[in-house]
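Below is one structure, written out as structure tokens; comments come after it.
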Amino acid sequence: MSTRLSHLIATFFHAGHLRPAPGTWGSLAALPAAWLLLSLGGVTLLLIGIVAACGLGYWATALETKGKSDKDPSEIVIDEVAGQWIALLPVAIGAAYSGAPLLALWPGWVAAFALFRLFDILKPGPIGWADRLGGPMGVMLDDVIAGVFAALGTGLMGYLWHAL
């Protein structure tokens with residue numbers, strides 16, 4: 001059922017086949033990809049990447065799970081990529097606003113990664129609700145919401161760090 005392209009997108013260039021914890025590997029693979037997007041086109045290109053990851057992720061997930069009993073296989077990690085990129089937005093915006101080099105804000109990168117993984121694993125509140133939707137929408141939406149929660153947490157931590 002799946003195509004090579006949909007599988008490549010869904011597994012984010014096969015990062016989803018790494019074991020153990022493919023979701024964590026997908027989130028880790030998202031970090032250098034985010035750095036590349038930010039280096040090439042700043043926050044604008046990262047935002048375009050987020051929209052593309054969500055749209056293409058939905059499409060690829062639908063193809064990859066069609067006719068299968070497992071509607072959220074662990075090797076599909078494009079949802080983690082989209083969520084991780086959302087979680088990184090406060091760091092990207094902070095670097096752009098301050099003129100700081102992207103990697104100089106490494107504590108923000110670590111916070112965004114850790115908070116996203118925490119919210120993605122624990123699935124509190126609306127994240128769990130989205131996960132229970134099932135299908136490609138549920139696969140993508142729970143990580144998008146986890147990314148928003150992580151972005152809010154990362155932004156708050158950055159604010160507190162720099163305000164104190």
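The condition (being open to solvent by 30 Å² or more (accessible area, probe 1.4 Å), out of contact with any Gly (no Cβ under 6 Å at 6 or more places or on another chain) and farther than 19 Å from Pro32 by Cα) is satisfied by just one residue among Pro107, Pro73, Pro101, Pro124: Pro124. Gly16 meets the stated requirement of being among the small types (Gly, Ala, Ser), under 16 Å from the mean Cα position of the chain (by Cα) and surrounded by 14 or more Cβ atoms within 10 Å (Cβ to Cβ). Taken together, the residues in the range 48-96 that are assigned to a helix (DSSP H, G or I), within 23 Å of Leu152 (Cβ to Cβ) and touching a residue at least 12 places away in the same chain (Cβ under 8 Å) amount to 23. In the range 146-159, is there at least one residue being within 24 Å of His7 (Cβ to Cβ) and either over 18 Å from the mean Cα position of the chain (by Cα) or assigned to a helix (DSSP H, G or I) (or both)? Checked against the condition, which is being within 24 Å of His7 (Cβ to Cβ) and either over 18 Å from the mean Cα position of the chain (by Cα) or assigned to a helix (DSSP H, G or I) (or both), the range 146-159 yields at least one hit. All of (1) part of a loop (DSSP other than H, G, I, E, B); (2) crowded, with 19+ Cβ neighbours inside 10 Å hold for Leu38 with one exception: (1). A count restricted to the range 127-151 and to residues that are open to solvent by 50 Å² or more (accessible area, probe 1.4 Å) and touching a residue at least 60 places away in the same chain (Cβ under 8 Å) stands at 2.
The values are calculated or read from the model by the stated rules, or taken from the named source; none is laboratory data. Everything numeric in this text was worked out from a predicted model, so none of it was measured. Cβ atoms come from the backbone with ideal geometry, glycine included; neighbour counts cover every protein chain shown. Just the protein is used for accessible areas: all its heavy atoms, side chains included, with ligands, DNA and RNA removed. Shrake-Rupley method; radii C 1.70, N 1.55, O 1.52, S 1.80 Å.
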